[in-house]
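Working notes for the structure below.
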Amino acid sequence: MNILRSLMALILLAGFTGAARAQTQVPQNCDVTTASDPDRQVLTCALGIVIELEAAAQMGFSDLSSGSAPGVIDLDVGAALIEVEPGTALPQIRTPHAIAAVRGTVYIVDVTPEKTSVFVVHGEVSVTQHDTSDDPVLLTAGDGVDVGPGLQLEVRRWGDERAKALLARFAR
């Protein structure tokens with residue numbers, strides 16, 4: 001099974017009823033379902049990874065080998081909630097602004113043209129900013145960071161309002 005080749009050949013347009021449509025490459029070792037209220041796409045992948053994408057998200061995969069879990073997930077726009085079983089896989093989420101490296105956790109990455117926001121629900125996530133020599137920051141449950149041009153990597157406890165608003169985008 002050549003997953004890398006199938007990635008290039010397989011583009012899935014999610015069948016959401018809203019105006020925005022997600023365009024996502026889906027590896028062969030992931031099953032795709034849809035969820036609603038709000039509309040989102042759910043990818044359940046081998047080796048303990050579940051990725052929920054809001055309807056407008058655009059995502060792709062790289063660094064895959066046959067039967068493996070996604071090594072690098074490229075999130076270009078929109079938000080994704082990522083659940084990784086501890087000790088199973090260590091994917092990185094690459095955005096235009098940041099790289100979030102999972103350590104077995106549940107977290108959300110939200111990408112806009114101006115910035116990338118990373119929020120940890122459970123576990124730990126290491127976040128670095130593209131094109132800098134700054135050290136990565138480590139987020140734990142309840143922590144978030146905004147990454148973008150001119151922004152310092154500063155770990156903050158997110159207030160209930162901001163965290164709940166982001167989690168509501170995934171019916172949580």
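The values are calculated or read from the model by the stated rules, or taken from the named source; none is laboratory data. For clarity, every value in this text was computed on a predicted model and none was experimentally measured. Virtual Cβ from ideal backbone geometry, glycine too; neighbours counted across all protein chains shown.
Cβ contacts < 9 Å: first residue modelled with pLDDT under 50, restricted to the range 16-38; second residue among the polar types (S, T, N, Q), any location; separation 6+ or different chain. Result?
The qualifying pairs are Phe16/Thr34; Phe16/Ser36; Phe16/Gln41; Thr17/Ser36; Ala22/Gln41; Ala22/Gln58; Gln23/Gln58.
Starting from the range 125-138, take each residue that is in contact (Cβ under 8 Å) with a residue 60 or more places away in the chain and buried (at least 17 other Cβ atoms within 10 Å of the Cβ) and list its partners that are among the aromatic types (Phe, Trp, Tyr) and in a strand (DSSP E or B), counting only C-beta distances under 9 angstrom and pairs at least six apart or across chains.
none
Output the number of residues of the range 135-160 satisfying the condition of being in a loop (DSSP other than H, G, I, E, B) and within 19 Å of the chain's Cα centre (by Cα).
Matching residues across the range 135-160 total 7.
If Ile93 satisfies all but one of (1) touching a Leu at 6+ places or on another chain (Cβ under 7 Å); (2) at pLDDT below 80; (3) under 22 Å from Leu166 (Cβ atoms), what's the number of the condition it fails?
(2)
Answer yes if at least one residue in the range 86-101 is of a type in the set (S, T, N, Q) and over 28 Å from Gln28 (Cα atoms), and no otherwise. It would help to see each step written out before you state the result.
Taking the range 86-101 and keeping what is of a type in the set (S, T, N, Q), we get 88, 92, 95.
Narrowing further to those that are over 28 Å from Gln28 (Cα atoms): none.
The answer is no, given that none of the residues of the range 86-101 is of a type in the set (S, T, N, Q) and over 28 Å from Gln28 (Cα atoms).
Within the range 141-153, track down each residue that is modelled with pLDDT under 95 and out of contact with any His (no Cβ under 7 Å at 6 or more places or on another chain).
Pro149, Gly150, Leu151, Gln152, Leu153
How many of the residues making up the range 71-101 are buried (at least 24 other Cβ atoms within 10 Å of the Cβ), over 8 Å from the mean Cα position of the chain (by Cα) and either farther than 19 Å from Ala35 by Cβ or not hydrophobic (A, V, I, L, M, F, W, C) (or both)?
Number of matching residues: 3.
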